[in-house]
Every structure is written in C-alpha cells, then in structure tokens.
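These notes are about the structure you will find just below.
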Amino acid sequence: STHLLREEHQPGARALSAPNFERTGDVQVDDSLRWSIKEVFASIAVSDASTLNAMGAAWRQQHYALCPHSAIAVHGAQQLRNEGILREHHGPIICVATAHVAKFQEAWEKAIGQDVPLPSTPRIDALFHKEESFKVLEQDLGSDWRAHWRHRLKADIAELGVVKQSGAPLLKPRL
C-alpha cells in the first residue's frame, strides 16, 4: 500500500527519498514507518540452491518453466506460508513470472538438466540472432547528469520515430 510511504501519512518517509540516498548513501527508517511496512510486507532470503530446486520442482510437477527470478518468488511464498507468516491470509498467493526462462540457459541446465531442451518460441529464438545494441549513459557528467540522460533518451526516441516514419519496421509483427 503506497500510502504508507507518503510523507503526510508517515513523517519519517522523507528519509527514504532517492535524493537523500544519493546524497548520504544511507537510508534511515524510523520505527513507526518500519512497523507500518512490516504490517504489509514480508521478506525472505532464497539461496541459489533453493532457486534451482524451485525451478526443477515446477518443471517436474507442473511442466512449467520458471525463470530464476520467478522461482525465487514461488519458493519465497511457499516458505512464508510454511512458516505461518502467510497463514492468516485466505485465498491464493499470486507470483508474477518476471521473465522467460530462455534468458537463463545456465540456470535451466543446472535445475532441469542438459537433456531437457530449453523451452522457447520462434520470437525468442530470433532474439539470440539479433545484433546487440546499447548505449552507456555515464553518471560522471557533473552535477546535472540527469538532464544529460533525459536529453540523450529523448534524442534516441526521436531517432526511433524517424525510422518509424521512414517505413522501416521497428519491430517485426508478433508470431
């Protein structure tokens, strides 16, 4: 619930602001805000081994290919339920799958084995044959690096618009 972090509800929320963190490198959370957050959120640590086990279990039991990030969510939710932290909640626990497992071949092979092909689609397969393209946005451009980033991003977006208007496809149609 975002209202917990808004300053009018919690005077200590100012300490959580991004500019404060950038300036000090530290985040201070007063006790009242900490307890308000704990009423809404639970946290859990998940090891690499548990992540791989969750990926393997999902594949063996449901033939569902979890990416490592999604496996962390599933394992964490199961662990919180087993520990009774989620017991008072009624109804299903929803874990959002954050990525396709095809991005994580090494993790897939560790979790499932090399004898099981990595699930994919023609669209995903095509991504592995595309040329990589990126730009590095440096933060050491003085105190106004954000303005530089905004300018660079706007220019790149405008360039994409020119390409689009020229009739060259930006994206291939969905398969």
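The values are calculated or read from the model by the stated rules, or taken from the named source; none is laboratory data. In this text, all values refer to a predicted model and were calculated from it rather than measured experimentally. Note that we place each Cβ from the backbone using ideal geometry, even for glycine, and neighbour counts take in every protein chain shown.
Descriptive notes on the structure:
- Within the stretch 48-99, the set of residues being closer than 27 Å to Thr121 by Cα and either of a type in the set (Lys, Arg) or outside any helix (DSSP H, G or I) (or both) comprises Arg60, His63, Tyr64, Ala65, Leu66, Cys67, Ile94, Cys95, Val96, Ala97, Thr98, Ala99.
Condition check ((1) without any contact (Cβ under 8 Å) to a residue 12 or more places away in the chain; (2) aliphatic (A, V, I, L, M); (3) outside the structural domain of His69 (by TED's automatic domain parsing)) across all residues:
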residue	(1), (2), (3)
Ala97	no, yes, no
His100	no, no, no
Glu109	yes, no, no
Gln114	yes, no, no
Leu118	no, yes, no
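- Asp31 satisfies every condition listed in (1) surrounded by fewer than 17 Cβ atoms within 10 Å (Cβ to Cβ); (2) assigned by TED's automatic domain parsing to the domain that holds Thr121; (3) farther than 27 Å from Leu118 by Cβ except (2).
- Glu22 being part of a helix (DSSP H, G or I) and either assigned by TED's automatic domain parsing to the domain that holds Pro117 or modelled with pLDDT under 95 (or both): yes
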